[in-house]
Amino acid sequence: MVQIGRFLRWLTELLAFFGCVAVFLMMAHITIDVLFRLLEFPIPATVTIVPHYYMLPIIFLPLAFTERNDAHITVEVLVQLLSSSIQKVLAMLAWAVSIGVFGLLFYQTLLDAFDKTQKGTFMMELDWKIWIWPSYYFLPIGFGLVILVLVYRIVITITGGTSGLGEVKHDAFAAPEAEHEKSKVGD
């Protein structure tokens, strides 16, 4: 199981890296385009390339990395007061609901990507034919990897095995009393 976790960790880091590369390329592309516009030689197709080939990977490829590190927004006002075992059950329930939501998103965006591929979707800009159908695959790739990370988390939580995901360690399932005792020791 640890090998699966390490593979998922590597894959989430790889996709997050591609998201970072897309940020850098987008900044460079837009900066060069602005400079060339000042010289009245704008880069053709910037308006098409930026949203399809930079912004989509920036948004969707690092999703699994964020999930792996438990960095999505959560509100745990009442959950912190519950016992560790109830917190685990609620976490697994939340992960299962997330799998359902991301599963629907994965399915629909994959159908859309197949449809755009079959049609050979492109955009015309200044007599340039820019294929945009490949950009539709960033969404199902990102959603699919989030699903894998969530399923793996549930399996690891149920089996009590070692994760291997390399997630940021925090005591999410600690009982509230234990947190209170920790703060007393530090005083």
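Each value in this text was obtained by applying a stated rule to the coordinates, not by laboratory testing. Quick caveat, the model's predicted, so the values are computed rather than measured. Cβ placement follows ideal geometry from the backbone for every residue including glycine, while neighbour counts extend to all protein chains displayed.
Express the relative contact order of the chain as a whole percentage, based on alpha carbon pairs under 8 Å and six or more residues apart in sequence. Each step should come with its number before you reach the end.
Values: 199 pairs, mean separation 64.6, N = 187.
Relative CO of the chain lands at 35 percent.
Which loop-located GluC sites (Glu not before Pro) does the stretch 60-162 contain, where loop means any DSSP state but H, G, I, E or B and the Cβ has at most 13 other Cβ atoms within 10 Å?
Values: sites: Glu67, Glu76, Glu125; in loops: Glu76.
Qualifying residues, ordered by number: Glu76.
Hand me the tally of lysine pairs in the chain: alpha carbons under 23 angstrom apart, and the pair either on different chains or 8 or more positions apart. Could the numbers behind the result be given before it?
Numbers: Lys88/Lys169; Lys88/Lys182; Lys116/Lys129; Lys119/Lys129; Lys169/Lys182; Lys169/Lys184.
Lysine pairs meeting both conditions in the chain amount to 6.
Just the number, please: Stokes-Einstein D of the chain in µm²/s, Kirkwood Rh from C-alpha pairs, 25 °C, 0.890 mPa s. Could you put the intermediate results ahead of the total?
On the way: Rh = 19.3 Å.
The Stokes-Einstein estimate is 127 µm²/s.
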